[in-house]
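The values are calculated or read from the model by the stated rules, or taken from the named source; none is laboratory data. Since this is a predicted model, take the numbers as computed values, not measurements. Here Cβ is always computed from backbone atoms with ideal geometry, including for glycine, and neighbour counts include all displayed protein chains. SASA here: full protein model, heavy atoms, side chains in, ligands and nucleic acids out. Shrake-Rupley method; radii C 1.70, N 1.55, O 1.52, S 1.80 Å.
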Amino acid sequence: MFDKIIINMIVEGFWDSIYMTLVSTVFAYLIGLPLGIILVVTDKDGVKPMVWLNRGLGVIINILRSVPFLILLITIIPFTRWVTGTSIGTTATIVPLVVAAAPFIARVVESSLKEVDKGVIEAAQSMGTSTFQLIYKVLLPESLPSLVVGAALAVTTILSYSALAGFTGGGGLGDIAIRYGYNRYQTDIMLVTVALLVVIVQVLQEAGMKLAKVCDKRRR
Amino acid sequence: MSTIIRLEHLKKDYAVGKDAITALNDINLEIEAGEVFGIIGASGAGKSTLVRCLNFLEKPTEGHVYFEDRDLAKLNTKELNVARQSISMIFQQFNLLMQRSVLRNVMFPMEIARVPKEERKKRAMELLELVGLSDKAKVYPAQLSGGQKQRVAIARALANNPKVLLCDEATSALDPTTTREVLELLKNINQKLGITIVIITHEMMVIESICNRVAIIADSRIAEIGPVKEIFARPSTEAGRKLVYPDGDRNIHFGSRRCIRIVFDGRSSFEPVIANMILDCKVPVNIIYANTKNINGTATGEMVLQLSDDEKDYEKVFAYLKARNLTVEEVRNYV
Ligand SMILES: Nc1ncnc2c1ncn2[C@@H]1O[C@H](COP(=O)(O)OP(=O)(O)OP(=O)(O)O)[C@@H](O)[C@H]1O
Ligand SMILES: [Mg+2]
């Protein structure tokens, strides 16, 4: 059906997509996780209320989240070039992906951490835990299953963003789908790439849910 | 005995919108080292607020909390955290870490206190032994019953050798049998380890079975405070009476004849006082109301007798009971 070149291209696109998605997820979590923690801790009902910091951060996150990814992708090209030295290709795509996903992840993390029972937090405080101990010994471990579910959500969202990066020559399956399917009307190639994307999302989502279940000790 | 916790003019306001509601008002209290101190009151009286002020989970609006003569308000965060290791707390909802095994729950406070790892584990196992749950060390809290969870919480609370154990409605989520078992455990802990226990509850039974002293709190204030026997035998305030005789059916009408109320404070209730009185004084009486309770092994309670209108009879009965060291009072409008 396809010649070798096309198959190689699709395989390469597959790995490019995986690479972009995973690396972006890691970097986005490096930024988003601490931000999510800060959002929860400095909340007015949090363990260390800091209203102004909380509000300021909230506003910045909301602004970043409301910018459509395609616009963000284009507007931060100078920044991308400054960071990676180029504005096209998979590595260059990681920058806008991280910028777009980090605030999203901050919110996902925030909502997971807020699920931790107030009573449990209070019990830990009554034992003399510092704020730092409370974060890494109570908040994070207690919300682990929820954090994992959130991570599955984040990684699949990043994958779909990465497909959009095809519009600026970002590489990966999305790029192929756009170049062949959208620009050249080669529907078969497009279908294959989209099918691959579906499979990746499915696998990541399933893996996330399984993992969340394994680390959830609240079951009887 | 020395005072371990002292409250001076404690006041706590909560801001609700633009208003402030007063949850605690002018609370003065001394808790002695080694005692089991009960705090009882109706829902919303301010009990939880009070106990949360004792470890500064809640900062008082006014007044002072002294723990071993140190003003908690003067401690910095670090010092407060260290002090909190000496003032443990258990809760109605147990508040165990759901993602940690039972053993690691008990180890948690020791991690906070930076106890070396091997020691943590050893002590945690000992504590689980103490609360009778050695076989559940590897299990997660979700797999335990309520009573077992509270036992784990107690083991956890004891981990850092606290001097005080605060219990906020610790048995309120448990059935009567389990409640009794948990109270028995707390009593043991108090007696064997000498840990001061402060118990918040709205159940008389809890106070009766393990407390030495009790404070009745009503409308944000301490209404009455004293040894359990005295308070329960002679509640002197409306709030106290409501608690001690919740079903003290005062709605029966007794007509124009006079009644007396006899209070048993544990010294003579086992004797057949009333029967002897009737034989001695040769007066007819009508028992209107009787409620005696077993408090710490001795019976206490009150009884209301209806007497004839004969003044002589009345005086005879009064003198007879007085001579037996019973508290007797005339009840005129017993409605
Ligand atoms: N965080 C809060 N914000 C505002 N009001 C509060 C807060 N906590 C308690 N209150 C109020 O303070 C009063 C005392 O509450 P508290 O929880 O101490 O009562 P309680 O005696 O423990 O009652 P219960 O037996 O129902 O637990 C109540 O009127 C309650 O509504
Ligand atoms: Mg309460």
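Here's how it looks for B:Glu224: its modeled amide H is under 5 Å from those of B:Ile216, which are all 5 or more places away or on a different chain. The charge dipole of region A:48-164, taken about its Cα centre with unit charges on the Cβ atoms of Lys, Arg (+1), Asp and Glu (-1) only, comes to about 280 debye. Calculated on the Cα set of chain A, radius of gyration then Dmax: 20.0, 68 Å. Buried between B and A is an accessible area of approximately 2100 Å², summed over both sides with a 1.4 Å probe.
Quick one: accessible area per residue over the protein assembly as shown, 1.4 Å probe, rounded to a whole number of Å²? The partial results should precede the final answer.
Working: 26540 Å² over 555 residues.
The answer is 48 Å² per residue.
Under Stokes-Einstein, with the Kirkwood radius over Cα pairs as Rh, the value for chain B at 37 °C and 0.692 mPa s is 148 µm²/s.
By per-residue mean of other Cβ atoms within 10 Å, what is the highest-first order of A:97-110, A:199-212, A:119-132? Mind showing how you got there, number by number?
On the way: A:97-110: 24.2, A:199-212: 14.8, A:119-132: 19.6.
Ranking the peptides A:97-110, A:199-212, A:119-132 by packing returns A:97-110, A:119-132, A:199-212.
Each DSSP beta bridge with both residues in region B:3-243 is either parallel or antiparallel, and the antiparallel ones are about 55%. What you get for the protein assembly as shown, charging only the Cβ of Lys and Arg (+1) and of Asp and Glu (-1), is a dipole of about 1100 debye around the Cα centre. Assuming R0 = 45 Å, can you tell me the calculated FRET efficiency for the pair A:Phe132 and B:Gln191, based on Cβ-Cβ distance, to the nearest 0.05? Computed FRET efficiency for A:Phe132 and B:Gln191 comes out at 0.75. Amide H contacts for B:Arg258 (H built 1.01 Å from N in the peptide plane; partners 5 or more residues away or on another chain; cut-off under 5 Å): B:Leu307.
For the protein assembly as shown, what is the convex hull (Cα atoms) projected area averaged across all directions, in square nanometres?
Working: hull surface 143.4 nm².
So the mean shadow area of the Cα hull is 35.8 nm².
Across region A:166-176, computed HN-Hα scalar couplings (Karplus, 6.51 cos²θ - 1.76 cosθ + 1.60, θ = phi - 60°) run x, 4, 10, x, x, x, x, 4, x, 4, 4 Hz from first to last residue, x flagging Gly and Pro. Listed values for region B:20-25 are Karplus-derived 3J(HN,Hα) couplings in whole Hz (6.51 cos²θ - 1.76 cosθ + 1.60, θ = phi - 60°), namely 10, 9, 8, 8, 9, 9, and x replaces Gly and Pro. Dipole of the protein assembly as shown computed with +1 at Lys/Arg Cβ and -1 at Asp/Glu Cβ about the Cα centre; of A:Thr93, A:Phe2, A:Thr25, farthest Cα towards the positive end is A:Phe2.
Distance from the Cα centroid of region B:1-62 to that of region A:1-47 is 50 Å (rounded to whole angstrom).
What's the magnitude of the charge dipole for region A:1-79 around its Cα centre, counting Lys and Arg as +1 and Asp and Glu as -1 at the beta-carbon? Answer in Debye, nearest 20.
Values: 5 positive and 5 negative charges, 74 e Å.
Using only the charged Cβ atoms, the result is roughly 360 debye.
For region A:4-219, the residue among A:Val108, A:Ala151, A:Gly119 whose Cα projects farthest onto the positive side of the dipole built from Cβ charges is A:Gly119.
In region B:68-96, burial by the other protein chains removes 20 Å² or more of 1.4 Å probe accessible surface, compared with the chain on its own, from B:Asn81, B:Arg84, B:Phe91, B:Asn95.
Look at the alpha carbon pairs under 8 Å that are at least 6 residues apart: their mean separation over the length of region B:3-243 gives a relative contact order of 27 percent.
Expressed as a whole percent, the accessible surface of chain B that belongs to carbon and sulfur atoms is 48, based on a 1.4 Å probe. Cross-link pairs exceeding 26 Å between alpha carbons, from the set B:Lys229/B:Lys282; B:Lys47/B:Lys242; B:Lys47/B:Lys293; A:Lys114/A:Lys213; B:Lys121/B:Lys149; A:Lys44/B:Lys138: B:Lys229/B:Lys282; A:Lys44/B:Lys138.
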